[in-house]
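Asks: This structure is in structure tokens; I'll ask about it shortly.
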Amino acid sequence: MSGMDDWGWDEAATTDTKPAGGVLEAGRHVAQISAAKWERKERIPEKWLSKNPEGWRVVLSLTVHSQGRKYQLFADVPRHWRWLFEVICDATGTELPRDASWQPSEWIGRDVEIETTVWESNSGPRAQVEKWFPHEAAPAPKPAAKPARTPAAKVAAARGDEPGGEDDIPF
């Protein structure tokens, strides 16, 4: 064996804790909506025919970074499932679509918190979005300190003196 054959790898120390086959583990994750578009489903489920006979849906592509890996998930939002539009709008912090001019591109680039599960498909395990969580609103900004109103208070504020400090004599 030549020196070029030895790569210096310890074969016994190759324990991989990442999911096998590139499937995202079930659990709660932060995902970014990387693509969103209107699309027609090729084979329309019979239960959709009365409310969505054309099979329109929003197809979402989500990117999750977990354990040093990048995962791609897909989710469908059938046009007639208002409840799911409400949930996703709540998760993205956006308003519910009000008219036909609304485009799903409004969701692109938004971070969302999701819960995933893993199911067995014919081609192996797949991750799917099970639940969407409400958007965390940014904390409200703290109110600005009230400006000093008297000349003495302005001087004290400029020096950094706090009212009620040890040097204050209340008379």
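Asks: How many residues does segment 49-92 hold that are touching a His at 6+ places or on another chain (Cβ under 7 Å), surrounded by 15 or more Cβ atoms within 10 Å (Cβ to Cβ) and modelled with pLDDT of 90 or more?
Replies: Selection size over segment 49-92: 5.
Residues checked against (1) among the hydrophobic types (A, V, I, L, M, F, W, C); (2) within 18 Å of the chain's Cα centre (by Cα); (3) closer than 16 Å to residue 71 by Cα:
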residue: 91; (1), (2), (3): yes, yes, no
residue: 96; (1), (2), (3): yes, yes, no
residue: 99; (1), (2), (3): no, no, no
residue: 119; (1), (2), (3): yes, no, yes
residue: 126; (1), (2), (3): no, no, yes
residue: 129; (1), (2), (3): yes, yes, yes
residue: 132; (1), (2), (3): yes, yes, no
residue: 135; (1), (2), (3): no, yes, no
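Asks: Looking at segment 66-82 only, could you name the residues that are among the polar types (S, T, N, Q) and outside any strand (DSSP E or B)?
Replies: Passing the criteria: only 67.
Asks: A follow-up question, please. Tell me yes or no: at least one residue of segment 33-42 is more than 22 Å from residue 134 (Cβ to Cβ), of a type outside the set (A, V, I, L, M, F, W, C) and surrounded by 14 or more Cβ atoms within 10 Å (Cβ to Cβ).
Replies: yes
Yes/no matrix, rows are residues, columns are (1) over 18 Å from residue 126 (Cβ atoms); (2) out of contact with any helix residue (DSSP H, G or I) (no Cβ under 7 Å at 6 or more places or on another chain):
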residue	(1), (2)
25	no, yes
36	yes, no
45	yes, yes
51	yes, yes
66	no, yes
82	yes, yes
86	yes, yes
101	yes, yes
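Asks: Follow-up question, since we're still on this one. Go through segment 95-129 residue by residue and tally those that are charged (D, E, K, R) and loosely packed, with under 13 Cβ neighbours inside 10 Å.
Replies: 4
The values are calculated or read from the model by the stated rules, or taken from the named source; none is laboratory data. Predicted model, so just to flag it, every value in this text is computed and none were measured. With ideal geometry, Cβ positions are generated from the backbone for all residues, glycine too; neighbour counts draw on all protein chains shown.
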